Every structure is written in C-alpha cells, then in structure tokens.
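What follows is a set of notes on a single structure, which appears directly below.
The values are calculated or read from the model by the stated rules, or taken from the named source; none is laboratory data. Since this is a predicted model, take the numbers as computed values, not measurements. For neighbour counting, all protein chains shown are included, and Cβ atoms are generated from backbone atoms with ideal geometry for every residue, glycine included. When the accessible area is computed, the model is the full protein with side chains, heavy atoms only, and any ligands, DNA or RNA have been set aside. Shrake-Rupley method; radii C 1.70, N 1.55, O 1.52, S 1.80 Å.
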Amino acid sequence: MRIEIDPVGAAPLESVVLFLFPNILSERLFGDDSRSYFTIHPKRFRRGRMELTSLTTADGVALPWTGIDVSRPDGRGGVVLLPPGTAIRASLPEAATGTITLVARFEVHVPERFGTFSWYERDLFLTGGWYPLVAARTAAGEWDLKADFPRVDTTVELDLPSDHWALVADSLTPPGEGENGRRIAKAEVRDRPHVLLLVADSLYVKQGEGVRVLQPEKAPAHARRARHAAEEALVFLGERRVFTSSSGGAPSDTLLYEAPLTRELTFHDAPVGVFSCRAYRVLPFLKRYHDVHIARAAIAEKLRDRIYANEPGDDAAWVLDAVVWHLALEFQAKQHKGMRDVRDYARPFSFLPAVDLVLNTPDFPFSAEYYDNW
C-alpha cells in the first residue's frame, strides 16, 4: 500500500498514526458471550489480525513504530481497551511540512465468521479497515484517535483468478479473460473514508430499473423483493423531489448485496446497500418489516455524498443516519399504512434508561462489528 498524507494545519508532521483494525478480532469481542456466539461464529471462534511487515518512506527509509492504547465506550457507561496492535504510531525521520509518502507491506488474516469482515463459504467480504487506515487529525494537525476517519481518494488494484467476481466500493468487475488464469481488476474510489471489498467465485445478479441485487447464493424471490423495495424507495424520493445526484450526470445503478450477516440488515454509510442473508427468510406477512431496511440502504446510497458535502465535520455520519431513517420510515408509512414495529410498542417505556438507549441512540458505521453494540 502506498500512502500519501497531506499537511493539515501549520504544525510540522513528526509521526503518523495508523489503525490496523483486524487486530480488534484477535480476541473475542467484548460482550461476545454464549448467547451471541453463534450469531457471529458459524463453527468456532477464529482470530483475525493484520501483520504490518514493513513501513518505509518512499525512498526506502524504515520507520520504527509502537502500539498505542485505544479505548472505546463499552455501552455500559465505561470503556473497554481494544486489543494490542489496533493502532500504531510511526516516527518520521524528520519533521515534514508538505505531503509525505509511505509504503506499507502487510498481511491480513480474515477469520471464518459472519459479519462485515469475514470469510464465509466461498465469499470474502470486507467493508472497512482491511488495509492500514490513516487516523484523523484536528484542525491544528494533531492526531485524533476518536474522530471519524477522513474521506480520501483511493486507487485499488486487485490480482484475482479470472473466473472470480470482484466488487470494490461500487465498481463491479465480472469474470473475464486473463493471463495464466489471473487478471487485474482496477477501481478508483473517490472521497470515501473506507473501501468495501467483495471477492466471490460465483455471484448472481438481478437487474431492475436502476437497481442491481447481488447474491452469493441464488434466491430469486429474495432478489425480486429487495429489488422492488429499492425501486419503490427511489420512486418515493422522486415524488418527494429529494436531491439524488451530486454530479448532475446520469445516475448510476443502486447496488444491493445480500451478505452473510446475522446482526445488521444494512449499513447506511456503506458504498453499496448491504442486507442480511436472513432478510426475507421469514413468514410472508413479516417480510414487509424488512422492506424498510432495503429502502434505507437505497435512500442512503443516493443521499450520502450530498449530505457529506453539506456536513464536512464529524457530524456527517449522524446526520446521514437521521435523514435516511426519517425518509425510510416515511416510505414505510406510505407503503404500509398503520404498520407498527417494536419501537412503537416500547416507546411508553422509554423512561427506563435501557429502553431509551435502544430507541434514541443512533448507530455509527461498523460499531456493532468492532465494539459490539448494546
């Protein structure tokens, strides 16, 4: 990985802080007990980790690094210390005031598990930090380990078997001819905090009106339902005259991927709409409760860039979550008049702190995967 870091503020840059997120999975997640164990691990716990084998400047000068203690809220009013190696600080040979370039070599060990950082059956599915992520900085240029990751431009080159599918962010590469049975898939990812990666030896694509549904296992009924819900959500946005394109050009297809997830239905900040393989595998009259999550994914995909442009600070993810949920629930009310969900039944008990926490605390990208979500 070649990393270019631009200056922020007037202070010279003396060190670089990188997050190596797979090391969070080197231990069982906090709160991963006997009740939740099999919702994450299909067979047994397997460790994930990232090994940084070298970190140098562009001209080959090796940089020494040390681990940094990183803590996160435990959901119970305290904090939990993340496993060692989750974040590191590397010292530069001399203070820099301009753009610096680093070269990192690393190996990622992906565990067999359910979730957004997983190897399951024949699919590799990685939504967040599968490569070293540069930490955020304050306006003065100081490293900020608690802030959201900055949005960056990334170029990805992927060496993979020629008979495999690859999805990098929202760029889908189908199987094709390659030399010696292999080929290079390239993708340009602009202004994103992280890059989604999916590699699969088989993938089923259901094309709709401005919507494509990707499935690792062919389930036509699920794909049709998800595609229909997403299409209806886009029609709803059009009727509401909601802004849907930041570029003014022809809008791209909305991508939905049915992932091996058991804990979440969608991720509002993912570059494609991700929904659980358990969605729609319920009684027919309950399927409508999953439609709102598919709509949420489609709406977020259309509004994300616009909201991030208007909210350049750390509040963008929260604003996006609030706006998307508001519109998705309006869509649900329009499609299924009078439908209530568990939040409506629980609201009279919101004076209890535990219920209030569930009803009124917004989520943030990947919180459940990395820190557990209470």
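Could you compute how much accessible surface residue 302 exposes when probed at 1.4 Å, giving the result in Å² to the nearest 10?
Only protein atoms counted, so the area is about 30 Å².
Given +1 on the Cβ of Lys and Arg, -1 on the Cβ of Asp and Glu, and no further charges, what dipole in debye does the chain carry about its Cα centre, rounded to the nearest 20?
1440
Of the listed values [x] 20.6; [y] 19.6; [z] 18.4, identify the label whose number matches mean projected area of the Cα convex hull in nm² calculated from this model.
The value matching this structure is [x].
As a test of reading the structure, rank 278, 343, 241 by solvent-accessible area (1.4 Å probe, protein chains only), most first.
If we order 278, 343, 241 from most to least accessible, we get 241, 278, 343.
How would 172, 102 line up by accessible area, probe 1.4 Å, largest first?
Result, largest first: 172, 102.
Once neighbouring chains are kept in place and the probe is 1.4 Å, which whole percent of the accessible area of the chain is contributed by carbon and sulfur? Show your work: numbers first, answer last.
Working: 9760 of 18780 Å².
Its accessible area is 52 percent carbon and sulfur atoms.
Which residue, 223, 310, 9, has the largest displacement toward the positive end of the dipole of the chain when charges sit on each Cβ (Lys, Arg +1; Asp, Glu -1)?
Farthest towards the positive end: 223.
Can you give me the accessible area per residue for the stretch 117-257, using a 1.4 Å probe, in Å²?
Values: 7020 Å² over 141 residues.
Heavy-atom accessible area per residue stands at 50 Å².
Evaluate the distance, in nm, between pseudo-label points positioned 7 Å from the Cα of residue 315 and of residue 287 along their respective Cα→Cβ axes.
4.1
As I understand it, the dipole of the chain uses +1 on the Cβ of Lys and Arg and -1 on the Cβ of Asp and Glu, about the Cα centre. Which of 53, 131, 196 lies farthest toward its positive end?
It is 196.
Please work out whether the stretch 71-220 counts as rounded, prolate or oblate from its C-alpha gyration tensor, where a ≥ b ≥ c are the square roots of the eigenvalues and a/c under 1.5 means rounded, while otherwise a/b larger than b/c means prolate and anything else oblate?
prolate
Decide, for the stretch 73-146, between rounded, prolate and oblate: order the square roots of the alpha carbon gyration tensor eigenvalues as a ≥ b ≥ c, take rounded if a/c falls under 1.5, and otherwise choose prolate if a/b is larger than b/c, else oblate.
Judged from the Cα gyration tensor, the stretch 73-146 comes out oblate (a/c at least 1.5, b/c at or above a/b).
Pop a pseudo-label 7 angstrom from the Cα along the beta-carbon direction at both residue 28 and residue 71 and give the gap in nm to one decimal.
Inter-label distance under the simple model: 2.3 nm.
Does the stretch 132-180 come out rounded, prolate or oblate by the C-alpha gyration tensor, with a ≥ b ≥ c the root eigenvalues, rounded set by a/c under 1.5 and, if not, prolate when a/b is larger than b/c and oblate if not?
prolate
Normalising by the residue count of the stretch 87-242, find the relative contact order in percent from Cα pairs under 8 Å and 6+ residues apart.
17
Which whole-number percent gives the relative contact order of the chain, counting Cα pairs below 8 Å spaced six or more residues apart? Please list the in-between numbers first.
Values: 701 pairs, mean separation 53.5, N = 374.
Relative contact order comes out at 14 percent.
Work out which helices of the chain, taken as complete DSSP H runs, extend at least 15 Å along their axis over the Cα atoms and score a mean Kyte-Doolittle of 0.0 or more, then list them.
The answer, listed by residue number, is 316-335.
Which lysines, on any chain, are close to residue 218 with Cα under 21 Å apart, when same-chain ones fewer than 8 places away are left out?
Counting by Cα, and skipping residues close in sequence, residue 218 has these lysines nearby: 206, 287.
Name the most mobile residue of 253, 159, 341, meaning the one with the largest mean-square fluctuation, in a Gaussian network model of the chain with Cα contacts below 10 Å.
In this elastic network of the chain, the residue with the biggest mean-square fluctuation among 253, 159, 341 is 341.
With both bridge residues required to lie in the chain, what share of the DSSP beta bridges run antiparallel, to the nearest 5%? If you can, show how the numbers build up before the last one.
Details: 59 of 68 bridges.
Among the beta bridges of the chain, antiparallel pairing accounts for roughly 85 percent.
Run the 1.4 Å probe and let me know the accessible area of residue 94, rounded to the nearest 10 Å².
Around 140 Å² of this residue is reachable by solvent.
Enter the accessible area of residue 171 (Å², nearest 10), with the probe set to 1.4 Å and all protein chains included.
40
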